[in-house]
Structures are given as C-alpha cells and as structure tokens.
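The structure under discussion appears below in the form of structure tokens.
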Amino acid sequence: MYAVERLAAVRPRAGLLLALLPGGWLSPLPGHVADSPPPDAARCQLTPPAMAGGRAPGLIVAADVLLPDGHRADYGVHIRFNGRIGAVGDFEAVRQAHPDAAQLDCRGRAVLSPGFVNAHEHPAYSYAFPDASLNPGYAHRDEWRLGVGGKPQLPSPEPLYFDQDDPEATAALIAMELRHLLGGATAIAGTGGVPGVIRNVNRHVREGDPVLYDAEAEVSTFPFSPQVVEDLRDECAGGAAYRFPAANDDLAHMAYVAHVGEGRSSSCAARAEVARYLERVQRRDRRYALVHGVATDRADYAAMREFDVTLVWSPRSNLALYGQTVDIAGALEHDVRLALSTDWSPSGSFNMREEVACARQVAGQADAVLSPETLWRMATVNGAYALGVEDRFGAIEPGLRADLMLIEYAGGDPYDTVLTATDEEVLATWIDGRAILVSDQLGEGLGTDDCVALDGMAPRVCGVLGAFGFPAARFGEYLENIVPVNDTTGQAACGPPRPGSP
C-alpha cells in the first residue's frame, strides 16, 4: 500500500462544472457551457454561473428530488463548491437565495437521488465471474470456503489491491468501481478499491487507508472465527458450549458490520453465530449490523428491532450458495431495518440495481411487499445507517456530501425510475460534488477536459482514467476475463436451487 502523500496525487475531489481561477474566481470552462436551452425539449437546460465578487457560487440542480421524508417535485439542490449539499427546497426559492450559482434545470425531466450505499462488498475479489461449480447446496459458508463436511470447496479468486506499479490490477479495480457506479452506487463498504472513483468505506489499518477509505466502519468478515463449523463441532454434537476468543472492541465508536448466520437455518453453526451476536448487541455500545443472516428467524427479528440491528441483505448470493435467504416477510413484519448489498461478483449481483431486482423477485415469491420507496430506502439511507455514516452521506440534506445521481424521468413512480434505470438513462453522477459520469444529453458542461467514452457505457467517465495514467484507448486491454462494466449476463441466478444440485 502506498503512503498517503502518493495516493493523494491520484484522488481528485474538486470541481463541479467550474474552473477555479487565481484569486478564487470561478469561470465556466471554455466550450463546456450552453448559453441557451438545447434544441431538444427533453434535455436539461444548463445556465453558467454569474461572476460575483470572487465568490464560489456552486451549482443548483433542479429536478424531482428524493428526500428522506419523501418525493418533492420542482425542487432545487445547491451543490456547494466544497462538495457539500447546501440549500434544499423549492427551486425558485433556492435560485433566489443563490442567484449567482450555475443552474442545471431538469424539472419534469429528471429525478435527483442520493447514490446507493452498498453496505457490504468484497471489492478486492469482485472482478471475478461465478465459478462453474457454484451451486446452492451448502449449509454453511465453511463448506464452500474450506470444503468441510465433504462438500466441494469453491476456488476463491486472488484478491486485487491498488498498486500504481501494477496497471492490470489497478485497471480491474477501476472497472469494478465504475460498474458499481453505473449501477447506482456512490459508496461501497469492504476491503479493496482505488482512490478517487467511488466512495469506499472500511476501517483504516494501513498507512494509505485514510485516502483510500473516505469513511470508517468495522466491516469485520467473521466476528467469531474463520472456521466456526470446526470450532462448534463438539457443541453442536451436544457437548459443552464453545467459548470464542474475546472480541477486539478498541474502536467501539465505529459501526460493526459482520457476517453472521451465513448458512441455512438447519445449520447448528449458523444458528449459534446468530445467538451469540444478538447477545453481544445487547451491550448497546455501538452501531451493529448483521450481514447475510440467512439462518435468522422471527424471534431474532424481534431482538434485532429491539436493539437497533440492521439486517444487510444479499438475496442473490444467499440463493446461489445456500438455496435460501432470509425470511423477508418475517423481517418486514417485525419492522427490521433492512439494507441491500451485492456481497461479491463470484456469487452475488454485479451491481445494486441487479440486487434490487433480485430482492423484489424474492419478496414477491414470499408474498411480501417491497414498495419502490422501501427498496430505495434499503439501497440508500438504510445502508448509510448500517455503516454509521448517515450524518455524512446517503441522503439529500444540507451539510451532507453531494453524492448524487440524476436519472432521466418520463413520469410514473420516481423511486422506481431510480431503481430500474439503464445506463442510457443516467444523466450524471456526482461524488463529493464532482461529476464522474456525464451523459451526452447534457453536453460537456458538467465534466472536465478529461471525459472519455468507454465501450459498454452510455455516460462518459470524467476525471478518472487520466488520474491513473490510463489512455482511454488502452484501458480496455487490461480488462480481459473480468466482469464487464455494463453486462450482467454472467452473474449468478436469482432463484431457487437447480434440479440435481447437491
């Protein structure tokens, strides 16, 4: 891992559609701003900022806006020059309060939403396709990880970590983050990734982590042991209860987000994990989340609700490995806070919109109702809450980071518009107020001089490849045999076990 000083050189976090000139003046980038409405009435209208006494006016985006307390039509959101959200309210009122700001008027034509917060991923491994021997016949994660119980062990891909001297690994990680970004996420939690593309969340344990990971959460993979089935063998056979080593609680202020109950409800080890974890959360000493929880039941959901434990749900990966997932009807009945996550590409969804589609399908099969607004909350504010970062991002509120996506809107349910958008319908995506994805429909006004078109993506990618020294023409040469940026046909199925599976 590189030192902070070196990593900082590749982490651009400045700029909206403006160039900061000496003395603090802001000016439209030459050739990048439309002085008049575009001829196509379906497109947004971009108005450049006024020059006003050296102030940095920022950008107002006008659209149908999805707020924590509901949908608002014809609202304006002021993205400040420092990458934070400023005023939020009726567009005319926001415009009057900030008359010098640039304006992107998409009223009636777009929905503005916070980006999805993917509360659980394994970015270092999430470039790989599912293995040909993947099947839903496992009762506990130790069976496919370690081959215990006579079950075939699944090969795990080699992890990739950011290294500026390894262009192939770096390109694969950039492509992984662009894939998630295109799928609606602006933040992912888990080990791995690259600085300067998507927002990454993980505990800082190495020198370069403060730059790589924008926020911290203790995303502990296995809170008790990496070999729970073996440790609990005697206990599950009727012997004395096994005592796991004491957990490290030196950072109790940080949200604890751990794999628990990752196996069928028939697995003694999976059930024992759940019981022990729910004993631990009763300390109420920190924010707790429970990842996967396939082995949970309705009594567990009552405890999770009582002790404010978020269930981080990855239905596709659960079904691909164990042939079952959580009792979603029971979790909803007990009003458990639910967050969605993709887990990883070897068994999970390739992006958050695919995970949303799987969750919707699974809920329907269980006669449970997940409305578009509920699914949207599971993908945004609930994910941020699970990670303990809801005061930083995951919603459109003054003072939070401007991690936003603007989606083309032709009427109907605005939440569903965001959840089901294709890449052609992604107009722009910002992280920290910096436009990273920009549609050709908006022209070039929201990007920088470093916007490039990549195969398989409708919106252009801005300020990414150049920061890592990748010419656009050569970037794709490093991406053979990894999950594509915008093709989900190779992901695991979202469905019941296949006939004949072990």
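The values are calculated or read from the model by the stated rules, or taken from the named source; none is laboratory data. Just so you know, these numbers come straight off a predicted model, no measurement behind them. Using ideal geometry, Cβ is built from the backbone for each residue, glycine included, and neighbour counts are taken over all protein chains shown. Calculation scope for accessible area: heavy atoms of the full protein, side chains included, ligands and nucleic acids excluded. Shrake-Rupley method; radii C 1.70, N 1.55, O 1.52, S 1.80 Å.
A few notes on this one:
- Restricting V197, V205 to those that are open to solvent by 50 Å² or more (accessible area, probe 1.4 Å), among the aliphatic types (A, V, I, L, M) and within 24 Å of the chain's Cα centre (by Cα) reduces the list to V205.
- Flag if E397 is under 16 Å from the mean Cα position of the chain (by Cα) and in a loop (DSSP other than H, G, I, E, B): no
- Within the stretch 262-303, considering residues that are free of Cβ contacts under 8 Å to residues at least 40 places away in the same chain, of a type in the set (A, V, I, L, M) and open to solvent by less than 10 Å² (accessible area, probe 1.4 Å), the one nearest to S317 (Cα to Cα): V294
- Scanning the stretch 54-76 for residues being of a type outside the set (D, E, K, R) and part of a loop (DSSP other than H, G, I, E, B) gives a total of 5.
- From D416, D335, D367, D327, residue being modelled with pLDDT of 95 or more, within 29 Å of R145 (Cα to Cα) and not aliphatic (A, V, I, L, M): D327
- Qualifying residue in the stretch 240-261 (condition: among the charged types (D, E, K, R), in a helix (DSSP H, G or I) and surrounded by fewer than 21 Cβ atoms within 10 Å (Cβ to Cβ)): no
- Residue check, E354 over 17 Å from the mean Cα position of the chain (by Cα), open to solvent by 30 Å² or more (accessible area, probe 1.4 Å) and at negative phi: no
- Selection within the stretch 130-161 - in contact (Cβ under 8 Å) with a residue 40 or more places away in the chain and in contact with a Pro (Cβ under 7 Å, 6 or more places away or on another chain): P130, D131, N135, P136, G137, P157
- Flag if A386 is closer than 30 Å to H259 by Cα and small (G, A, S): yes
- The stretch 77-188 holds helices (runs of 4 or more DSSP H) entirely within its bounds, and those carrying 1 or more residues that are open to solvent by 30 Å² or more (accessible area, probe 1.4 Å) and either closer than 28 Å to P459 by Cβ or touching a Cys at 6+ places or on another chain (Cβ under 7 Å) (or both) map to 91-97, 167-182.
- Matching residues in the stretch 227-239 - criterion: being part of a loop (DSSP other than H, G, I, E, B) and free of Cβ contacts under 8 Å to residues at least 40 places away in the same chain: A237, G238, G239
- Selection count where residues are touching a helix residue (DSSP H, G or I) at 6+ places or on another chain (Cβ under 7 Å), surrounded by fewer than 16 Cβ atoms within 10 Å (Cβ to Cβ) and assigned to a loop (DSSP other than H, G, I, E, B), scope the stretch 208-226: 0
- Subset of the stretch 185-225 (residues that are within 30 Å of A272 (Cβ to Cβ) and either acidic (D, E) or without any contact (Cβ under 8 Å) to a residue 24 or more places away in the chain (or both)): N202, V205, E216, E218, S225
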